[in-house]
1. Would you tally the residues in the stretch 14-42 being under 30 Å from Leu63 (Cα atoms) and exposed (fewer than 12 other Cβ atoms within 10 Å of the Cβ)?
2. Based on what the data block shows, is Ala45 surrounded by 11 or more Cβ atoms within 10 Å (Cβ to Cβ) and either in contact with a Leu (Cβ under 8 Å, 6 or more places away or on another chain) or of a type in the set (Phe, Trp, Tyr) (or both)?
3. Filter the stretch 118-131 down to the residues that are out of contact with any helix residue (DSSP H, G or I) (no Cβ under 6 Å at 6 or more places or on another chain) and either within 16 Å of Met142 (Cα to Cα) or of a type in the set (Lys, Arg) (or both) and list them by number.
4. Assess whether Leu126 counts as being crowded, with 16+ Cβ neighbours inside 10 Å and either in contact with a Lys or Arg (Cβ under 9 Å, 6 or more places away or on another chain) or modelled with pLDDT of 80 or more (or both).
5. How many residues are at pLDDT below 75 and not in a helix (DSSP H, G or I) when one looks only at the stretch 1-52?
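The values are calculated or read from the model by the stated rules, or taken from the named source; none is laboratory data. No experiment lies behind these values; they were computed from the predicted model shown. Neighbour counts are summed over all protein chains in view; Cβ atoms, including those assigned to glycine, are modelled from backbone coordinates with ideal geometry.
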Amino acid sequence: MLATVVFLAFWVVVGLGLFFLAVRGGPRGVRATLQSQKPGARTFAVIAFTVFYVAVGIAVPALFIFGDRDSADAHINGTTIELTKQEEEGRALFGTGCANCHTLAAAEAVGKVGPNLDVLKPPQELTYDAIVRGRQRGGGTMPAGIYSGAEAEAVAAFVGATAGR
């Protein structure tokens, strides 16, 4: 969230700078305006530009690199569920192999083909069995072997820990 605000603030400042440039008649007009001011105003302008460039060059990249450390946690209806390493791995795998068909709030998935896992609330064992063996329900079919071994266990752990919460 903070990174988004900083990103937007950066572009607002750039837009204001371009507006100032346009109002003053281009680079020559800006230069003439800055040179005709008192020495204190010029010092202020130099300091303001320096602070701006340092913020853009150092602070913004630092915010993007270090800013959002809780992104591996699941956010459901405003509450945060801390995930284990296996569940984090399962969340990523769910996003690539399951989210197209299933709905699950913790994965921000809104698939319409398979059942809504938040409503179904399957336990980890049932989810693992469905991933490995597949399912046929009504007119729909979930193929067997979407994931196997540790990957299937990770997805099942993630769904079991987050479905319906």
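1. Total meeting the criteria: 4.
2. yes
3. Listed by number, the residues that qualify are Leu120, Lys121, Pro122, Leu126, Asp129, Ala130.
4. For Leu126, the condition - crowded, with 16+ Cβ neighbours inside 10 Å and either in contact with a Lys or Arg (Cβ under 9 Å, 6 or more places away or on another chain) or modelled with pLDDT of 80 or more (or both) - is not met.
5. Total meeting the criteria: 3.
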